[in-house]
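We did not get these values from a lab; they are worked out from the coordinates using the rules stated. Treat the numbers as computed from the prediction; the structure is a model and nothing was measured. Here Cβ is always computed from backbone atoms with ideal geometry, including for glycine, and neighbour counts include all displayed protein chains.
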Amino acid sequence: MQEYLAFRKMLTPMAIQIIFWIGVAACVILALVGIVSGASAPVGGGRQVLGGILTLLLGPIVVRISCELLIVVFRILDVLTEIKEKQGKG
């Protein structure tokens with residue numbers, strides 16, 4: 001607990017996993033809404049169905065890539081911290 005209060009350990013990497021699953025759920029819900037509303041439209045719902053399918057397929061991938069980029073930043077921070085600690089001890 002003291003590491004968190006002193007900002008030596010970051011909370012954000014754990015939060016990124018939660019953000020990822022929320023993003024995936026949002027993509028699935030939005031895709032299903034798009035598919036259902038497009039399929040029930042009397043005229044011109046094909047684009048909406050296609051958009052829903054694309055959101056269902058590509059949305060989670062985009063969310064994953066975004067989250068991975070954020071995680072890379074924190075891993076770089078961890079490596080730099082390790083390097084700093086090794087130089088301080090040597």
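Kindly express, to the nearest 10 degrees and within the range 0 to 90, the angle between helix 46-89's C-alpha long axis and the longest C-alpha principal axis of the chain.
0 degrees
With each label point set 7 Å from Cα along the Cα-Cβ vector, what nm distance links W21 and V36?
Rounded to a tenth, the inter-label distance reads 2.3 nm.
Helix 12-40 versus the longest principal axis of the chain: what angle, 0 to 90°, nearest 10, using Cα atoms?
0 degrees
To make sure I understand, if each residue's beta carbon is the centre and we count other beta carbons within 10 Å, what order do K84, K9 fall in, fewest to most? Numbers along the way, then the final one.
Numbers: K84 10, K9 13.
The fewest-first ordering by Cβ neighbours comes to K84, K9.
Kirkwood hydrodynamic radius, computed over distinct alpha-carbon pairs, for the chain: how many Å, to one decimal?
On the way: mean 1/r = 0.0628 Å⁻¹.
The answer is 15.9 Å.
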